[in-house]
Every structure is written in structure tokens, then in C-alpha cells.
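To start, the structure itself, in C-alpha cells.
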Amino acid sequence: MADWAIRQASMSDIEAVAELRATVLRTDLVRLGRYDAHRVRQRLRDGFDPAHTWVIEVGRVFAGCVALRPADDSHWLEHFYLTPALQGSGIGSSVLRELLDRCDRSGALVRLNLLQGSPARRLYERHGFTVEFEDPVDVFMVRRLPR
């Protein structure tokens with residue numbers, strides 16, 4: 001596994017993150033009949049909050065991002081995208097483990113949603129997420145505190 005680091009995101013990261021989102025989600029959105037090249041980028045731009053977002057770097061080069069947004073009873077894991085060439089390398093698991101450790105220390109549940117049929121579901125299940133509910137497009141998952 002390559003060495004990686006995370007740093008706080010800034011507004012200057014928004015376009016790189018929007019492009020990565022479009023790349024990573026394209027296959028699933030096309031399969032679900034929901035791909036729109038403009039909308040997939042604009043939804044990220046509309047909700048981008050650098051205060052709760054980190055950029056993942058490998059060799060000081062942009063490699064992905066992840067957001068952890070506080071909510072009333074939990075944190076929402078959002079915008080977790082890794083450059084396709086690095087998927088399956090263990091970096092995503094390492095980043096996720098670090099974020100989950102932070103949430104465990106604060107006693108927070110972690111929630112997320114992902115597209116139906118996304119291969120990322122296996123990653124989340126390996127890290128203790130279970131399905132709360134589903135609809136025809138999304139799967140909503142939660143990770144409760146380890147006992």
C-alpha cells in the first residue's frame with residue numbers, strides 16, 4: 001500500500017473533487033439510468049463544505065477525498081472517493097479506519113448512503129456498517145459503536 005496522508009480541504013479543491021466524483025460514480029449512475037454529467041458535479045459543488053472535508057494525498061498528489069459531517073445523533077460519511085487506479089490498494093480501508101476511530105472516541109454513530117449495486121458496499125460492511133433502509137436508488141447504512 002502506498003503512503004497516504006489527509007489534509008483539510010479548502011475551496012480550491014472543489015473542482016478536483018467534483019471531477020473525481022463524476023468519474024467514480026459514473027458507472028453506477030449510468031447503470032441506474034441517472035447519469036447527468038452536469039448534475040453529478042453540481043451536486044458536489046452545492047454541498048461542498050471544506051470544514052468537514054479532507055483531501056487524500058498519495059505522494060503529495062490529489063488521490064481522493066472524504067467528508068465527515070456532524071448531525072444530531074451521528075456523523076454522516078460523505079463524498080468518499082478514491083482515484084480508480086488506487087481503489088483496492090488498501091488506502092480506502094486505512095482512511096476509513098482512521099475516521100471511524102475518531103468517531104468511536106467521541107461516541108458517535110456513523111451513517112452513509114451509497115448507490116444500489118455499488119461495490120463500495122463491501123468495504124463498508126467489512127467495517128461494521130449494516131443496512132438501515134433502502135430505496136430503488138440508494139442504500140442507507142449505519143455503523144453503531146463497537147461493543
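Only one entry in PHE140, PHE133 is more than 17 Å from LEU68 (Cβ to Cβ), at pLDDT 95 or above, not small (Gly, Ala, Ser) and not in a loop (DSSP other than H, G, I, E, B), namely PHE133. The residues of the stretch 123-147 that are among the acidic types (Asp, Glu) and either in contact with a Leu (Cβ under 6 Å, 6 or more places away or on another chain) or free of Cβ contacts under 8 Å to residues at least 24 places away in the same chain (or both), listed by number, are GLU125, GLU132, GLU134, ASP135. Among the residues of the stretch 56-73, none qualifies, meaning not one is under 15 Å from the mean Cα position of the chain (by Cα), modelled with pLDDT of 95 or more and not in a strand (DSSP E or B). Of all residues in the stretch 56-101, those being touching a Phe, Trp or Tyr at 6+ places or on another chain (Cβ under 7 Å), surrounded by fewer than 20 Cβ atoms within 10 Å (Cβ to Cβ) and more than 23 Å from VAL142 (Cβ to Cβ) number 2.
Selection of the stretch 1-23 for residues being more than 9 Å from CYS65 (Cα to Cα), open to solvent by 40 Å² or more (accessible area, probe 1.4 Å) and either within 15 Å of the chain's Cα centre (by Cα) or of a type outside the set (Gly, Ala, Ser) (or both) yields MET1, ASP3, TRP4, ARG7, GLN8, MET11, GLU15, ALA16, GLU19, THR23. Restricting attention to the stretch 30-37, does a residue exist that is under 24 Å from ILE91 (Cα atoms) and either touching a helix residue (DSSP H, G or I) at 6+ places or on another chain (Cβ under 6 Å) or not in a loop (DSSP other than H, G, I, E, B) (or both)? Within the stretch 30-37, none of the residues are under 24 Å from ILE91 (Cα atoms) and either touching a helix residue (DSSP H, G or I) at 6+ places or on another chain (Cβ under 6 Å) or not in a loop (DSSP other than H, G, I, E, B) (or both).
The values are calculated or read from the model by the stated rules, or taken from the named source; none is laboratory data. This structure is a prediction, so every number in the text was calculated from the model and none was measured. Positions of Cβ are backbone-derived with ideal geometry, glycine not excepted, and every protein chain shown enters the neighbour counts. Heavy atoms of the whole protein, side chains included, go into the accessibility calculation; ligands, DNA and RNA do not. Shrake-Rupley method; radii C 1.70, N 1.55, O 1.52, S 1.80 Å.
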